[in-house]
Amino acid sequence: MSRSTVDRLRDVVQSADLAAQHVGDLDAETLAATAGARDAALFRIAILCEAASSLPAELKALAPEIPWLQIRNMRNRIIHGYWQIDFVVIVNTVANDLDPLKAATRRLIALVERNAQ
């Protein structure tokens, strides 16, 4: 069964929240060395990236401020290049990029829901 567009958008927001919770205030070195937090954060980021990458192109075009290609590339790095993950990038992404992504995603949710009525 496929997920709806709104469900995928909500997955982005929820996974962003959970990734931030798992990273907390850990620095890159501590995150890399803390298996539970590391694995949980990477899983949530991979889910976020997969959900975002699976959105329709016409919806993505409505939010050009979201770095769609970088999101897809991060997912691919986590899944296919897991031994080369740069945890400085992960920590910086959580600290600097998730809140703007969530705000833009919430705007898209509202737009999709408004158009569905």
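The values are calculated or read from the model by the stated rules, or taken from the named source; none is laboratory data. On a predicted model such as this, the values are computed, not experimentally measured, just so you know. Reconstructed Cβ throughout: ideal geometry from the backbone, glycine too, with neighbour counts over all protein chains shown.
At a glance:
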| read-out | value |
| --- | --- |
| Residue in the stretch 66-80 that is within 22 Å of N115 (Cα to Cα), touching a residue at least 24 places away in the same chain (Cβ under 8 Å) and buried (at least 18 other Cβ atoms within 10 Å of the Cβ) present | yes |
| Test: L59 is buried (at least 16 other Cβ atoms within 10 Å of the Cβ) and among the aliphatic types (A, V, I, L, M) | no |
| Residue in the stretch 5-12 that is part of a loop (DSSP other than H, G, I, E, B) and among the hydroxyl-bearing types (S, T, Y) present | no |
| Residue in the stretch 38-45 that is under 14 Å from I109 (Cβ atoms), buried (at least 16 other Cβ atoms within 10 Å of the Cβ), of a type in the set (A, V, I, L, M, F, W, C) and without any contact (Cβ under 8 Å) to a residue 40 or more places away in the chain present | no |
| Checking R3 against (1) surrounded by 12 or more Cβ atoms within 10 Å (Cβ to Cβ); (2) modelled with pLDDT of 95 or more, the condition it does not meet | (2) |
| Residues satisfying the stated conditions in the stretch 1-12, i.e. among the hydrophobic types (A, V, I, L, M, F, W, C) and under 15 Å from L42 (Cα atoms) | V12 |
| Residue that is nearest to D86 (Cα to Cα) [pool: residues in the stretch 6-37 that are surrounded by fewer than 19 Cβ atoms within 10 Å (Cβ to Cβ) and among the hydroxyl-bearing types (S, T, Y)] | T30 |
